[in-house]
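Chemist: Sharing a structure, written as structure tokens. Questions coming.
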Amino acid sequence: MLQRTYKKLCYASVLFVSLISVTLLCAHTSYAAILSISPVSSVVSVGSTISLKVDVDSAGTAINTAGATITFPTDLLEVVSVGDSTSIFSLWVQNPAFSNDAGTVTFTGGLPTPGYAGNNGQIISIVFRAKKKGTASVAVTNGSVLANDGSGTEVLTAKGSAVITINSSAPTKVVAAGALPPLPIITSATDPQQNVWYSGTSASFSWVIPTGVTSIQTLLSKEEDSVPTVMYDNSVSQRTLDDISDGVYFFHLRYMNPVGWGPTATYKVEIDSTPPQNFTLNVQTVGAQNMVVLDAVDAMSGIASYAVKIDGEPPVSVQESSLPDNGQYVLPTQNSGQHSLAVIAYDKAGNHTESDTTFASPAIVPPTIAVSSTSSNAVNCEATSTSCALVVNRNDAITVQGETEYPNTPIGVFVQSSNGETKTYKAMTASDGSYTLVTDPLDAAGTLSVWSQLLFSDGAKSPISDKVAVRVNEGYIVETSRSIIYDLSFALPALLLILAFIYLAYEGWHKFFGLKKRLEKEAQDAVNDVHKSLDIFKDELENQLAKLEDTKNDRELSKKEEKIFRELRLHIDDIDEFIEKKIKRMR
């Protein structure tokens, strides 16, 4: 029984520590990355092909490694090819590979520092062929995305999937006799969204050919209203165009039947494979803060965001749209001294360019502090040091306020009791750097120390403010009672000592005279007992002398007996006189 209980306690301890570790890990990890498959849904016919793209969205976090296993149903789909020509990765630990027997596509790749931080970063493309009618799910079942933070932190938070609906034959559109073909519907596996920039220089387009179509015409041009001119027969339902230069393009498609050419469909493609232009960083110190102008230029798609890294720490993502017109960005406050700064500029297609510099951070200015109370019994203190103490009553709250040189910054207010226990309150400074905070009711009497400190989001802290003393009383009734008790604590012992002395003196006097009487009585009893004993002894001597007297009458005593007789007779009188004297003295 004891052993089972011990094991349960051990398991509970391990579980508790594990939960705490996971909680702390989650509380301190703000990274997030997604491996997705696009397009997420599509429709194909048996025998046709479709191209899917595996992308990574790093959510502003720089990554340098990713790997995954993509699964698909082998009875419905087969892989025709896997490509990485437009991949953001330049290094491969495991080259993209596929198995139509196992129904898997696998890869593990990466790129050097500074890594990749952006949206829709294409890793590989997969071309599937539909084998039979059904609904096929293609999903990332195992995956890993590692941050470019020097520790290889796992940042993958979600894995995507796609659904391919396979029809037994191409959808049939009923075209009335004598009618032109319908408007084509174009989809793209490489560029699934028409108003999003992509860095790949290849573009793949697919469409479904209705019945009755005899020919098609396509064209990729920079003009939105161009007429397609490249002729194909009705067996072509997909086109992939390679080596497309940067720019905005339009893919045009139209069908032809015996009546004539139908309307032209247009699909917009935006391609930007060129990184932003090189830029320089100029850090300026304004007041107590450092600022840098983020003004990188990308001629094609434009700048989307920046990743700002200080001293090699994980980057902070800054959206271009959040910057003011002058591009000025306030750097996170650092401790005083030299720091390194690296900024990565990302364009809207995910291309990037990095620039770095060093800067000196000024010393952090501590906040000011003042305390007050709205209680009518409080004695407010205008000073900001322990030379003046705010006096409040128990269960009163106090207001702590002050000024800082740092707007919109976390600040902590600390209230420490005389036994060293400290309670922490947190607030944010206002846009002008000021702060105001009201504490909980103070539930313990005594002297408190109150101070504040700026707690910057990147871990830096300001020096603490001056400490303010706050004296908490119990209240008028309690304090008056305590004063009375305090006074009585001296008077009562003195009174008790006096009463004790009187009592002991009385008891001593009483016991002294009682003892004297008992001694006199006992002495008198002893005298009486001695007197009686001596009287008996004397009587016995008298009897012996009387016997000697009778003997003397009968015969003549010897000289020795005569001597004893005379001496006894002589001493009997002496004994009697001696006894009487001693008895008188004892009395």
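Chemist: Summing +1 for each Lys or Arg and -1 for each Asp or Glu, what net charge is found among the other residues whose Cβ lies under 10 Å from the Cβ of Gly433?
Modeler: For residues surrounding Gly433, the net value is -3.
Chemist: Then there's this: No solvent, one uniform scatterer per C-alpha: report log10 I(q)/I(0) for segment 283-361 via the Debye equation at q = 0.12, 0.17, 0.18, 0.22 1/Å, two decimals.
Modeler: Here log10 of I(q) over I(0) equals -0.33, -0.64, -0.72, -1.03.
Chemist: Also: Tell me, what HN-Hα J-couplings in whole Hz come from the Karplus equation 6.51 cos²θ - 1.76 cosθ + 1.60 at θ = phi - 60° for each residue of segment 54-71, using x for Gly and Pro?
Modeler: 9, 10, 10, 10, 8, 6, x, 8, 6, 10, 9, 8, 8, x, 6, 10, 9, 10
Chemist: What are the extents of the Cα atoms of segment 233-339 along their three principal axes, in Å, largest first?
Modeler: Taking the Cα atoms of segment 233-339, the three principal extents are 79, 26, 20 Å.
Chemist: Right, here's the next one. Please compute P(r) over all alpha-carbon pairs of segment 175-297, binned at 10 Å starting from zero, and give each bin as a whole-number percent.
Modeler: Result, from short to long distances: 12, 34, 22, 12, 9, 6, 4, 1 percent.
Chemist: Pairs to check: Lys133/Lys268; Lys159/Lys309; Lys131/Lys268; Lys222/Lys348; Lys53/Lys309; Lys133/Lys159. Give those whose C-alpha atoms are more than 23 Å from each other in this structure. Could the numbers behind the result be given before it?
Modeler: Details: Lys133/Lys268 31 Å; Lys159/Lys309 27 Å; Lys131/Lys268 30 Å; Lys222/Lys348 19 Å; Lys53/Lys309 30 Å; Lys133/Lys159 26 Å.
In this structure, Lys133/Lys268; Lys159/Lys309; Lys131/Lys268; Lys53/Lys309; Lys133/Lys159 lie more than 23 Å apart at Cα.
Chemist: Next up: Can you pull the one-decimal nm distance between simple spin-label points at Val236 and Gln284, each 7 Å off the Cα toward Cβ?
Modeler: About 5.7 nm, to one decimal.
Chemist: Ok, one more. Can you work out ³J(HN,Hα) from phi for every residue in segment 130-145, in order, using Karplus 6.51 cos²θ - 1.76 cosθ + 1.60 and θ = phi - 60°, giving whole Hz and x for Gly and Pro?
Modeler: Each residue's phi maps through the Karplus curve to give 6, 9, 7, 5, x, 10, 9, 10, 10, 9, 7, 8, 9, x, 8, 10 Hz.
Chemist: Considering the alpha-carbon set of segment 27-169 alone, what are its Rg and its Dmax in angstrom?
Modeler: Answer for segment 27-169, Rg first and Dmax second: 15.5, 53 Å.
Chemist: Continuing with the same structure: Within 10 Å, count the other beta carbons around each residue, average over each peptide in 59-67, 233-241, and list them highest first.
Modeler: On the way: 59-67: 22.0, 233-241: 14.7.
Listed from highest to lowest mean packing, they are 59-67, 233-241.
Chemist: Could you tell me which residue out of Ser375, Val392, Ser457 lies farthest along the dipole of segment 370-474 toward its positive end? Charges go on the beta carbon: Lys and Arg +1, Asp and Glu -1, centred on the Cα centre.
Modeler: Comparing the listed Cα positions along the dipole, Val392 ranks first.
Chemist: Beta carbons within 10 angstrom, averaged per residue: use that to sort the peptides 322-335, 186-199, 77-90, highest first. Could you put the intermediate results ahead of the total?
Modeler: On the way: 322-335: 14.6, 186-199: 19.6, 77-90: 17.9.
Packing proxy ranking, top to bottom: 186-199, 77-90, 322-335.
Chemist: May I ask for the net charge around Lys268, where only other residues with Cβ less than 12 Å from the Cβ of Lys268 are counted and Lys, Arg are +1 while Asp, Glu are -1? Could you put the intermediate results ahead of the total?
Modeler: Numbers: positive: Lys222; negative: Asp191, Glu223, Glu224, Glu270.
That sum, taken over residues with Cβ under 12 Å, equals -3.
Chemist: Ok, one more. Just want the ordering: Glu567, Glu403, from fewest to most Cβ atoms lying within 10 Å of their own Cβ.
Modeler: Fewest-to-most Cβ neighbours within 10 Å comes out as Glu567, Glu403.
Chemist: I've got another one for you. Using only the Cα atoms of segment 370-474, what do you get for the radius of gyration and for Dmax, in Å?
Modeler: Computed over the Cα atoms of segment 370-474, radius of gyration and Dmax are 13.5, 42 Å.
Chemist: Turning to a different aspect of this structure: Scattering from the C-alpha atoms of segment 112-166 alone, worked out with Debye: what is log10 I(q)/I(0) at q = 0.12, 0.20, 0.28 1/Å?
Modeler: Debye intensities relative to I(0), on a log10 scale: -0.44, -0.90, -1.30.
Chemist: Between Asn528 and Ala360, what is the label-to-label distance in nm when each label sits 7 Å out along the Cα-to-Cβ direction?
Modeler: Label at Asn528, label at Ala360, 11.7 nm between them.
Bear in mind that the values in this text are calculations on the coordinates, not laboratory data. Only a predicted model underlies this, so the values are computations on that prediction, with no experimental measurement involved. Note: ideal-geometry Cβ built from the backbone for every residue, glycine included; neighbour counts use all protein chains shown.
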